[in-house]
1. Taking the stated definitions as given, is S207 more than 30 Å from L448 (Cα to Cα), open to solvent by 10 Å² or more (accessible area, probe 1.4 Å) and without any contact (Cβ under 8 Å) to a residue 40 or more places away in the chain?
2. Name the strands (runs of 3 or more DSSP E) wholly within segment 287-406 that hold at least 3 residues that are within 26 Å of the chain's Cα centre (by Cα) and within 16 Å of the ligand (Cβ to nearest atom)?
3. List pairs: first residue in segment 437-450 and surrounded by fewer than 15 Cβ atoms within 10 Å (Cβ to Cβ), second residue among the polar types (S, T, N, Q) anywhere in the structure, Cβ distance under 8 angstrom, at least six positions apart or on different chains.
4. For segment 548-568, indicate whether the set of residues that are under 12 Å from the mean Cα position of the chain (by Cα) and within 23 Å of F410 (Cα to Cα) is non-empty.
5. Restricting the search to segment 694-724, which residues are within 34 Å of the chain's Cα centre (by Cα), in contact (Cβ under 8 Å) with a residue 40 or more places away in the chain and either surrounded by 20 or more Cβ atoms within 10 Å (Cβ to Cβ) or over 18 Å from T643 (Cβ atoms) (or both)?
6. Can you name the residue in segment 451-473 that is hydroxyl-bearing (S, T, Y) and assigned to a helix (DSSP H, G or I) and is also least open to solvent (accessible area, probe 1.4 Å) among such residues?
7. It is to be established whether one or more residues within segment 581-599 are modelled with pLDDT under 95 and either basic (K, R) or outside the structural domain of G724 (by TED's automatic domain parsing) (or both).
Amino acid sequence: MPKPRLNPRSLPYCFLLLFSAVISSKIVAQSVTIPVETQHNAIVFQTDKDQQLGTIYFGKKLSKAQEYTQVSAQYQQGSDFTGVLNSVYTPSGSTNLLEPAITVTHADGNNSLNLVYVNHELKNISNNVTLLNISLKDPVYNFKVTLHYKIYFKEDVIEQWSTINHTEKGNVVLHKYASANLYLKGGNFYLTQYHGDWAKEMQPEESKLSHGIKTLDSKLGTRADLFQPPVFMVSLNKLASEDEGTVLFGSLAYSGNFRTDLELDFQDNLRIISGINNYASPYTLKPNEDFVTPVFLYTLSTKGKGLASRNLHNWARNYKLLDGKGNRLTLLNNWEATYFDFNEQKLAGLLKDTKKLGVELFLLDDGWFANKYPRNGDVAGLGDWQENKTKLPNGISSLVKEAKQNQVKFGIWIEPEMVNPKSELYEKHPEWVVKQPNRAEHYFRNQLILDLTNPKVQDFVYGVVADLFTKNPELAYIKWDCNAVIYNAHSATLKNQSHFYIEYVKGLYKVLERIRTKYPKVPMMLCSGGGGRVDYAALQYFTEFWPSDNTDPLERIFMQWEYSYFYPAIASANHVTDWGKQPIKFRTDVAMMGKLGFDIVVSKLPEQDLKFCQEAIKNYNGLKTIIWKGDQYRLSDPGTSNTASMLYLNEEKTSGVIFNYLVNNRYAANSSLPIPLKGLDPEKQYKIQEINLYPGTSSSLKGTQVFSGDFLNTVGFNPDVNSGRTSVVLKIEAVK
Ligand code: DGJ
């Protein structure tokens, strides 16, 4: 067994060697104990007398590492009839009686699997990141599983995945192949899950988990999280609040069908098994072939949801989101301003408006392409990525040039994975389309999916992007849309149709990988007619995502609130549109809480509205670093209060911005109580000033507003939100 190396920031890893010698009433000699430690937490694994590896602890790090082995004895929860209740990766067909992490049919047709510990190794990747690999094997069959744990020490985040491999005399069929199998002891467990639909994304639901299995899943194939995203929270013992309670945030990082089973077992412990959804997907694995699962990521906080979210944000910006600490471009999009109805002349006006408004980029949306079946609506043209000669006789390149003359950048919309049946592409390559040969086609937004399992289709999709960049090297932004789910899953070329869903996602990642190799940093928005597609695997290729087509700012306050638990503000593309009844100030303030964009007819804005927007963009430019990279503190929850309030604070705790909104229209609803701030340095003095005021109005916050951090954290501050002041933005700065 290779010797583990020390992580300089953690408790010495060598204590696992000490543990190997520990003998207690329940543990026989030679048992192996493997701790997985982050800054505040520990997961501890231990082998039993049969060398099966189980989780003996998952929670706050204990100060005396040797006491982990004494934890189990404190639980009197009855007999484990299976011997594998706490398995690190539950096999099936041997002694297991509950939900497995893996099920297989061996080459000889046998369905049983047992997994025992073989060895483990620890690799230092950086000062902060360690990779633990644990090898398990079946004592009877030549079948192996390696569990991988990428440990982000400071952020308390773990990425976990598995590699499945065998050297049997023939193919093995995997019926289930989870990424991770967690085991938590808690007493009571509360699940926070999300559901949705178009324009109704990220609706939270909380429930106490009861015995049996609760499954969160998707079978949509692509834009997989339209009805249910893969993110969830589990509170232990009692529902965690923003700043109190123990809570686990988890999500599969995968852009296809996912499945997370939360099983409260007969001993009242929680088993969480997450991975690719095995629905319609038995996987035939050849000898010596690796099946590598996607990552399941999780973070545990013993100080509430706020800390868990800040840890995830830091992890995402540092390690996952493309260009997570980089720059983003403010923009004007023409989708809601023109829909499909535009031409060069109209766009020339919009390019001028982009400059006039004061944003950095003009984004040309859907409708610019296709000639035989022009893209003048969503019924035709998808797949034919040549400029429409009637609308754009001089092509995209003349628009890029014109943008430059207006001193703004140019970006463009594509939906390269899709095809309208009414298109030249469909006529030429019906075999590239996902459909059942003997069944009627069924459409989602009048379109079908291109078969990304086919390498020729992968080349085509890559070509759509590469071609745009070759012809227009100065193209500065891509909005990558994806508006359909997969019906009639079938590929004309794939040998094993059961691999379809998995190979589709692999094909997508291959294309994105190629794009990013050639164009590493061009900002790309992951869009899907709304939040039907955001996950941390895709975000490795995208700089931002589109949370929802619903841009009604009141709705957005709620949606952005929920998204913000899992994704940092820099990744959330928020546009000011004409949705909703709120004034332009309210709409702009809400959109400023992430990556700001506009999708309005600038030329029709009343003078004062335009002036407000121009000033707000200037303010945003001054604040964006804090919004994108600062710590986010949720101060007042729109779900339980009349006011929503969110603070973004820089790391030094010297500058911040607080967004406050009235979210209740009832008589006299207001911010009646002060809203305690969070995260401020109690020793510092802070000046509070209202910004983003509508022209001709003044703030109701009179006098010099200077308070100690202690006062603001303890007593709070009243933004004076009421029906006359529905949206209040406050700048907070440390003063000497
Ligand atoms: C759905 C997107 O969410 C919209 O912003 C827009 O790009 C349309 N698709 C275009 O068809």
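The values are calculated or read from the model by the stated rules, or taken from the named source; none is laboratory data. Owing to the predicted nature of the structure, the values given are computational and were not obtained by experimental measurement. Glycine gets a Cβ as well: all are built from the backbone with ideal geometry, and neighbour counts include every protein chain shown. For the accessible areas, the whole protein counts, side chains as well, though only heavy atoms, and no ligand, DNA or RNA atoms are used. Shrake-Rupley method; radii C 1.70, N 1.55, O 1.52, S 1.80 Å.
1. So S207 passes the test.
2. Correct list: 331-333, 361-364.
3. Taking only residues 6 or more apart or on different chains, the pairs are R439/N488; E441/N488; H442/N488.
4. So far as segment 548-568 goes, no, none of its residues is under 12 Å from the mean Cα position of the chain (by Cα) and within 23 Å of F410 (Cα to Cα).
5. G709, F717, P719, V721
6. Checked segment 451-473; the qualifying residue least open to solvent (accessible area, probe 1.4 Å) is Y462.
7. Within segment 581-599 (the criterion being modelled with pLDDT under 95 and either basic (K, R) or outside the structural domain of G724 (by TED's automatic domain parsing) (or both)), the answer is yes, since at least one residue qualifies.
So that you can scan it fast, the table gives a plain yes or no per residue for (1) surrounded by fewer than 24 Cβ atoms within 10 Å (Cβ to Cβ); (2) touching a helix residue (DSSP H, G or I) at 6+ places or on another chain (Cβ under 6 Å):
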| residue | (1), (2) |
| --- | --- |
| V505 | yes, no |
| E513 | yes, no |
| M559 | no, no |
| N574 | no, yes |
| G580 | yes, yes |
| I584 | yes, yes |
| V601 | yes, yes |
